[in-house]
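*Asks:* Dumping the structure here so I can ask a few things about it.
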Amino acid sequence: MFDAGLIGDIYEAAAVPERWLAVLQSLAERLGAQGSNLIRIGPQGMAITSTDGVRAMTEAFMEQGFNAHNTRVGRLMERGAHPGFLTDSDLHTSQELATLPIYAQFLTPHRADAGAATLVQGAGDDGLILAVEGFSSHAASRTAARQLDSLRPHLARALALSAQLRMQRLSAAVGALELVSVAAAVIDPVGRIEAMNALFTQAMDHLLTQRAGALRALHPACDSQLRAAIVGLQAGSGNPGGASLPLRDAAGLARHALHLVPLRGAGHDAFDSAGAVIILASAGNPSVPGADLIRALFDLTPAEARVARAVAQGLSPTDIAQRHAASPATVRTQLKHVFAKTGVTRQSELAVLLASLRSPADADGAC
């Protein structure tokens, strides 16, 4: 049923997470299903990657609030020790399949009430669920589950490796910033620290702490603003370019500026759901961040970083083209790439985003 080529693709996706969507869609189609969902579940919540065959349906499921009482996930988690795939009919009685709202009102009308899923340990306290969705019948899903069980050892190893590599990438990102003397951490959407470098760790004792796993500021006023910024990040509201605030120690002395830079783009990817980069900088620096820092934060090419920095300095695409002896069309293309990588849509938003990397004015002793 499953040839060496598919198994090779699975292990390739372990090292190159962008390949998972194509591999999992192909797997679903081989089994006669609509598509697949890859779900990462941890203390920060849930992140879902959907293949093309079920993406629109999954988005509608989430938007309509059915995930709030999702017995499919809950019951699968309860049977996490099961070493194979379980189907909807394994986890629910026939009466439940006919009457529970997620089935009667959504899954059955969308012909997605018959699926097969398994739980795999991720990185740390995260769990990964692979769900193959939309079989033609419950009998078909049970047959597919037995076939998938033979493939599960390969899937489990590859998914666990992807999760570990994700954590290594986060650690590498803050480590790279440390090389240019930037104290940095990565937080998830609810403020839990996922990775931090040694420079950031040094500031924790006198400026920051963790409460219930979440990042908090020691100074009460600063903590209120930090929590508000993180709540805005979680809700997708507030300043699209993040937030900046003077960070005071417990005695009220302004020591650093804290910059929260949202990680946009693939925010709902199961392997790329960190919420923001937190940067600590010495207070009072009014300069536009350097091109090297901009490049490191957003994975820009050198040319894209130069364009981004020029926009932050107030230059137009025409001005930038003249400065660098490039055509306006080239600059506009580079700017389009910058927008895509930073998650903004206009030059004004990009300027706000990069301005959030500058130390803000520290007036009147307010936080």
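*Asks:* For LEU247, what residues show an amide H to amide H distance below 5 Å, using hydrogens built from the backbone and excluding near sequence neighbours?
*Replies:* Correct list: ARG255, HIS256, ALA257, LEU258.
*Asks:* Per residue, how large is the accessible surface of segment 72-195? Use a 1.4 angstrom probe and give square angstrom. Each step should come with its number before you reach the end.
*Replies:* On the way: 5220 Å² over 124 residues.
Ligands and nucleic acids excluded, the figure is 42 Å² per residue.
*Asks:* Quick check for me: using +1 on Lys/Arg Cβ and -1 on Asp/Glu Cβ, what's the dipole size of segment 164-235 about its Cα centre, in debye to the nearest 20? Walk me through the intermediate numbers first.
*Replies:* Details: 6 positive and 5 negative charges, 37 e Å.
Computed about the Cα centre, the dipole is about 180 debye.
*Asks:* For MET46, enumerate residues with amide H under 5 Å from its amide H, sequence gap 5+ or separate chain, H modeled in the peptide plane.
*Replies:* Amide H neighbours of MET46: none.
*Asks:* With the contact rule set at Cα under 8 Å and sequence spacing of 6 or more, what percent relative contact order holds for segment 2-136? Could you put the intermediate results ahead of the total?
*Replies:* On the way: 184 pairs, mean separation 37.4, N = 135.
Taking the mean separation of contacting Cα pairs over the length of segment 2-136, I get 28 percent.
*Asks:* Another question, then. Kindly rank 97-105, 48-56 from highest to lowest mean number of other beta carbons found within 10 Å of each residue. Display every interim value, and only then the final one.
*Replies:* Numbers: 97-105: 15.7, 48-56: 19.8.
Ranking the peptides 97-105, 48-56 by packing returns 48-56, 97-105.
*Asks:* Enter the Cα centre distance for the pair segment 44-95 and segment 163-203, rounded to the nearest angstrom.
*Replies:* Distance between centres, Cα-based: 31 Å.
*Asks:* Further question: If you roll a 1.4 Å probe over segment 135-192 with all protein chains in place, what percent of the accessible area is carbon or sulfur?
*Replies:* Here carbon and sulfur together make up 61 percent of the probe-accessible area.
*Asks:* Beyond 26 Å, what share of the Cα-Cα pairs of segment 56-190 remains, rounded to the nearest whole percent?
*Replies:* Numbers: 3299 of 9045 pairs.
Within segment 56-190, distances greater than 26 Å cover 36 percent of Cα pairs.
*Asks:* Still on this structure, please answer the following. Report ³J(HN,Hα) in whole Hz for each residue of segment 222-232, in order, from the Karplus equation J = 6.51 cos²θ - 1.76 cosθ + 1.60 where θ = phi - 60°; Gly and Pro get x.
*Replies:* 5, 5, 4, 5, 5, 5, 5, 5, 6, 4, x
*Asks:* Pull up all non-local amide H partners of GLY35: gap of 5 or more, or a different chain, and H-to-H distance under 5 Å with H placed in the peptide plane.
*Replies:* Here GLU133 satisfy the definition.
*Asks:* Test of understanding: what is the full-extension gain from GLN313 to GLU78, defined as 0.36 nm times their sequence separation minus their Cα-Cα distance?
*Replies:* Values: separation 235, 0.36 × 235 = 84.60 nm, distance 5.40 nm.
Taking 0.36 nm per residue and subtracting the Cα distance, the gain is 79.2 nm.
The values are calculated or read from the model by the stated rules, or taken from the named source; none is laboratory data. Values in this document were obtained by computation on a predicted structure and should not be read as measured data. In this analysis, Cβ positions are derived from the backbone assuming ideal geometry, glycine residues included, and neighbour counts consider all displayed protein chains. For accessibility, only protein heavy atoms count, side chains too; no ligands or nucleic acids. Shrake-Rupley method; radii C 1.70, N 1.55, O 1.52, S 1.80 Å.
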